[in-house]
Amino acid sequence: ALCINVISVLFPSCPFMVAQWLALTLAAARAFASNAPATCDSAPSIGEPGRFMSPALLQVRRSPSRAHAQDTGGSDGAQLVTVFSVECKSYHEWQTVTLHSSWRRANVPGKLVRLLACPEALRAQSLDLSGLAGMETHVHEVADSFYPPLNKPFGLMTWLNDGGGRDMPGDTVVMIVDCDMVFYGGGKVLEAITPLVERVQSGAAPALGNDEVYTVKGLQAQNWTMARHFNVSNVERLQSIAVPILLRKDTLAEFVSRYYGITRDIVRDSSLLALVHDGNQLAPWIAEMVGYTLATERVAHETQRQWPALESAQPPWGAGTQAPLFVHYAHTFRLCGRVFGKSLYHSLDLLRCTTNATQLAVLQPPSQAEAKENSCQLCVQNGDAYGVPATCHLEGGGKAVGLYAWEQVHEAVSSWRSIHCA
């Protein structure tokens, strides 16, 4: 399920993509990238109420929070910044609103930073999210239109060099997440996150992260050719780290340029991209994760083995702990005969005021009472999650976290529309 997450997030048309990539041609990769879910071709009409912002407003800005712990962080004044990377697409806008709502509800200390990859020509049409209290937006150019995940290391690098990250104290803890995640923590997020932040800020651990295993397996499957190319001195130190990642700002600053540079070099060199593997198959879509693995050779991450809360639940699957810090809603699943999946809303702008009630009705989750009925099954069909056959025989923990993520999206979208589309 771990490698499936990356595939389904980046390229929903995976069977076609895998077939093309077996040919190992850059042309195939470029053709396939056009199907990445980070793209959204629906263009809203200019002038819609509550929809667009001026270029002047789309600068790095901060909205003060009235009821949220800001800057001083959790206990002992620990500073925390939660960072995520998106593009100026409606698909990422509703995910941003959902993540922000979840972050506020969980009362996570510090601030939320959106790294927004947006071409100059599209900035005037981007949704005005400046009213989301406690969230800053760092706008930067698109790093690569062929491979959108390159925006993540590029955005982090420009934020640290030229944006709000530049003036933060070196011991500020940066928590890197994905936009399709919501805070969970069994209702005790602050209790779960405080020891993680303190562990990193004190220097007791260089970094924390979720070890997903497969990038290192892929490097090994290719006889460490990629590692040697980028002058990795000791492959035994490599880790397959994925979100959530917690590390100090000064630690991130030490390797972020290499993280970006390695990822850029991989995706722009067909011979290197042809080496990206997940231990079972060629997997060029995980190039950014490989870039992080190679760039952090000398940064030892403590993982979910020491900190179980780092292992995110990924519905329709649960997690190895009853209270994961996050739910990562990357996959499509079916609950009580209804379907939920972020990929269903690539072309439907959930925040657009002219999107009608009939179109939005499919976003309504089952009730808690319905979900408790024995007749309510948690299922996937063929194509819902790459490589997973149709089944309703899924472990019970996935039902609770799946319904939770669905509710979070529905509540956040409904709340935003009630304010901006009244």
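What follows draws every value from the coordinates through simple rules; no lab data is involved. It should be emphasised that the depicted structure is a prediction, and the values quoted were computed from it without experimental measurement. Cβ: placed from backbone, ideal geometry, glycine included. Neighbour counts: every protein chain shown.
Odds and ends about this structure:
- Amide proton proximity set for ARG248, modelled H, under 5 Å, gap of 5+: VAL174
- Phi angles of the range 209-216 translate, via the Karplus equation with coefficients 6.51, -1.76, 1.60 and θ = phi - 60°, into HN-Hα couplings of x, 8, 7, 9, 6, 6, 5, 5 Hz per residue; Gly and Pro are given as x.
- Bridge type composition, the range 43-310 - antiparallel percent by DSSP, nearest 5: 40
- Around the amide H of THR137, modelled in the peptide plane, lie the amide H atoms of ARG61, ARG114, all under 5 Å away and 5 or more residues distant in sequence or on another chain.
- The range 93-101 - phi-based ³J(HN,Hα) in whole Hz, Karplus 6.51/-1.76/1.60, Gly and Pro as x: 5, 5, 5, 4, 4, 5, 4, 4, 4
- Residues VAL113, VAL213, arranged from fewest to most other Cβ atoms within 10 angstrom of their Cβ, appear as VAL213, VAL113.
- Per-residue Cβ neighbour rank within 10 angstrom, fewest leading, SER90, SER85, SER202: SER202, SER90, SER85
- Projecting the Cα positions of LEU348, VAL409, VAL327 onto the charge dipole of the range 264-422 (unit charges on Cβ atoms of Lys, Arg, Asp and Glu, taken about the Cα centre) puts LEU348 furthest along the positive direction.
- Amide H contacts of ALA242: ASN210, ASP211, GLU212, each under 5 Å away and 5 or more positions distant or on a separate chain (H built 1.01 Å from N in the peptide plane; Pro and chain starts excluded).
- Here the dipole of the range 43-310 is about 260 debye; that uses its Cα centre as origin and unit charges on the Cβ of Lys and Arg (positive) and Asp and Glu (negative).
- 3J(HN,Hα) along the range 278-292, derived from phi through the Karplus expression 6.51 cos²θ - 1.76 cosθ + 1.60 where θ = phi - 60°, amounts to 10, x, 10, 7, 4, 8, x, 5, 9, 4, 5, 5, 5, x, 5 Hz, with x in place of Gly and Pro.
- Charge dipole magnitude, Cβ of K and R +1, D and E -1 - the range 352-422, Cα centre, debye nearest 20: 220
- Ordering 405-411, 176-182 by mean Cβ neighbour count within 10 Å, with the highest value first, yields 176-182, 405-411.
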